[in-house]
Amino acid sequence: GGGSFFSVGSEQQQCSDFINAGEPPVYIGWGSMTVHSNEHMTILAVSALKIAGRRGIIVAGWADCSSESLASAPNVDELTEFCSKNVLFMKAAPHEWLFPQCVCCVHHGGVGTTQASLGAGSPTIVTPVFADQFDIAKHITKNEWGLGTCRLPKLKAEELGEAIQRVAGDKAMKARVVELSEKMAKEDGVGRTVDLVEKFMSEKVMTGKWNEARQAFKEKALKWRRRNEKMSVEKICGQFTVELNKKYPDLKAWNEKVMDQLSSLFMAAKAGKLFYVKGSSCLVRAGEKLKSDEVGRFKEYSFVELLEKKGSRLHVKKLKGVGPESGWVSVEVKSIEIVAPCSIMDIGKLQAEEFAKMFADVMPPAESGVAGGA
């Protein structure tokens, strides 16, 4: 089965021959996700398989992963030799046919692909890029159906290789995923969908209730538009926020937390005590002395409030970002500024800059918001 889903008929036989030639392979495919370049993604996939010591089937996806994309690798000969015996590159393959024959699946955590890999009883490694993919990665890790990694753009071959080694060799994890797949197989998704559609048609559409509700909504929307046509975008957004907060308590709690955080940033900036981490990270120590115990690192774009200053050493507490709650930091390291003062005007610019940098691999670059980083 599944032959019509291959890009060409001969690929199914080629795939079957590869699968039957050795241990069950690892599936690697990122669908529509593309980060950095096709060369980067191909080298990542092949290098991870080599580190794990596993055979693999790599499906091209939108990144168009292929053996030709290995040309820029510093160890191209080594990877090419590994691929000749252990890797099959394919343009496309049906998940329902392929996944049950794989020792584990590596993908981005799209809802459909996740359903297919878990439904096939295949332990799953999720390399998220954005949105709900992070939640899916956490859920799979929590339930021990597989592992979630860091964001795909930051993922290193060593981390992915180690994840493949762990997941592919975990018999207890395999048993849990098989148990889950059996439960999923008993669900009548098509039947449930038919019931919902039929109920909607009979109770809403055929009775005219759907059309009445649609007309009422259109009239309400038109009335709202006429009433607010002179209102600013900011005020309209504020109204929507109020309504959403009433409807969703969790969103209200989150918004309140964000507002409290922003308030603390503004107050610290107004007092001239707000700083941000300008370098990629900043070492934090328990005491003023440079030889005192390390307590962690503040990551780039973390905001801290100054508690005390002694020379070039600052005693700070974290207001926003990643790192310990408090500690001592140096303003400069080898004459390079790594912790800089931040004004009220800089706060929004720095947060926008952080967001743009975070997704630079999947979004067009944005103009830098803070000249000189200060």
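The values are calculated or read from the model by the stated rules, or taken from the named source; none is laboratory data. These figures come from a predicted structure and were not determined experimentally. Using ideal geometry, Cβ is built from the backbone for each residue, glycine included, and neighbour counts are taken over all protein chains shown. What goes into the accessible areas is simple: the full protein's heavy atoms, side chains included, and nothing from ligands, DNA or RNA. Shrake-Rupley method; radii C 1.70, N 1.55, O 1.52, S 1.80 Å.
Got at least one residue in region 216-233 being at pLDDT below 95 and under 28 Å from M358 (Cα atoms)?
The answer is yes; a qualifying residue exists.
Check whether at least one residue in region 248-267 is farther than 18 Å from L350 by Cβ, in contact (Cβ under 8 Å) with a residue 40 or more places away in the chain and out of contact with any helix residue (DSSP H, G or I) (no Cβ under 8 Å at 6 or more places or on another chain), and report yes or no.
Scanning region 248-267 turns up no residue that is farther than 18 Å from L350 by Cβ, in contact (Cβ under 8 Å) with a residue 40 or more places away in the chain and out of contact with any helix residue (DSSP H, G or I) (no Cβ under 8 Å at 6 or more places or on another chain).
Any residue in region 60-80 that's within 17 Å of T34 (Cα to Cα): show its pairings with residues that are of a type in the set (A, V, I, L, M) and open to solvent by less than 10 Å² (accessible area, probe 1.4 Å) at Cβ separation under 6 Å, as long as the two are six or more apart or on different chains.
A63/M41; C65/M41; C65/I58; L70/L79
Looking at region 74-115, which of the residues that are assigned to a helix (DSSP H, G or I) and among the aromatic types (F, W, Y) is modelled with the lowest pLDDT?
In this case the residue turns out to be W97.
Among the numbered criteria (1) in a helix (DSSP H, G or I); (2) surrounded by 21 or more Cβ atoms within 10 Å (Cβ to Cβ), which one does I57 miss?
Of everything listed in (1) in a helix (DSSP H, G or I); (2) surrounded by 21 or more Cβ atoms within 10 Å (Cβ to Cβ), I57 misses just condition (1).
Looking only at helices (runs of 4 or more DSSP H) that lie completely in region 192-299, which have at least 2 residues being among the aromatic types (F, W, Y)?
Here the list reads 209-227, 249-270.
So the check is Cβ under 6 Å with 6+ separation or different chains; which pairs have a first residue in region 313-333 that's at pLDDT 95 or above and a second one that's buried (at least 19 other Cβ atoms within 10 Å of the Cβ) and not in a strand (DSSP E or B)?
Pairs found: L319/L265.
Going through region 326-357 one residue at a time, which ones are part of a strand (DSSP E or B) and not hydroxyl-bearing (S, T, Y)?
G327, W328, V329, E332, V333, I336, E337, V339, A340, P341 - these are the residues of region 326-357 that are part of a strand (DSSP E or B) and not hydroxyl-bearing (S, T, Y).
For (1) surrounded by fewer than 22 Cβ atoms within 10 Å (Cβ to Cβ); (2) in contact with a helix residue (DSSP H, G or I) (Cβ under 6 Å, 6 or more places away or on another chain); (3) over 18 Å from E162 (Cβ atoms), each residue gets a yes or a no:
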{"residue": "N38", "(1), (2), (3)": "yes, yes, yes"}
{"residue": "T42", "(1), (2), (3)": "no, yes, yes"}
{"residue": "A45", "(1), (2), (3)": "no, no, no"}
{"residue": "N86", "(1), (2), (3)": "yes, no, no"}
{"residue": "P94", "(1), (2), (3)": "yes, yes, yes"}
{"residue": "H107", "(1), (2), (3)": "no, yes, no"}
